[in-house]
Every structure is written in structure tokens, then in C-alpha cells.
Amino acid sequence: MRFLADLVSQIAILAVLGYWQLVQEHVKSPAMRTRRQVGLANILLVVTLLFSFLLSFSSESGRMEKLNPALMDKINSIFTIQQE
């Protein structure tokens, strides 16, 4: 696990540099191909942030239920199916 944690930070830096290079290429030549690539990169960025946010709630649900039960009830009600 320690070596995996060491590797993740370097991969994150490479991902940021790659995204930055893609956006710079889009600014230089706003072709349709680069526009699609930037759009896909933005969608992947939002999905990654959303998943990390949801994983942070699921891993610490006991603590979150104790500290803010109203918020956890609202989040749980979003993901549960209401049966009549």
C-alpha cells in the first residue's frame, strides 16, 4: 500500500500536466477534434470528482451520521427507491 500511495501522487501530477497540455493545444487551434477531447477530459474530471466525493461519504458514513444526521438522511433519500 505504501508504494501505491507513492505512485498515485506522481500519476496525478502527470494527469494535470496532460490536461494542461490538452487545453493549451485547444487554445492554439480550436479544431473540432481538440474541442471533443477537452469536453471528454472535462466530463472525466467531473466524474472523478463526483466519485471521490461519494466515496468519502461511504467510507466515513458512521462518523458523518453522528456529526450531521440530517445531511446523511437527505443523501440516503436520494439513493433509495420510495415504495408506496
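The values are calculated or read from the model by the stated rules, or taken from the named source; none is laboratory data. Bear in mind that the values here come from a model prediction, so they are computed numbers and not experimental data. With ideal geometry, Cβ positions are generated from the backbone for all residues, glycine too; neighbour counts draw on all protein chains shown.
Quick look at the numbers
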{"item": "Selection within the stretch 1-51 - in a helix (DSSP H, G or I), surrounded by fewer than 12 Cβ atoms within 10 Å (Cβ to Cβ) and polar (S, T, N, Q)", "result": "S9, Q10, Q21, Q24, T48"}
{"item": "Residue count, the stretch 61-75 (criterion: at pLDDT below 80 and exposed (fewer than 12 other Cβ atoms within 10 Å of the Cβ))", "result": "2"}
{"item": "Test for R2: is it at pLDDT below 80 and basic (K, R)", "result": "yes"}
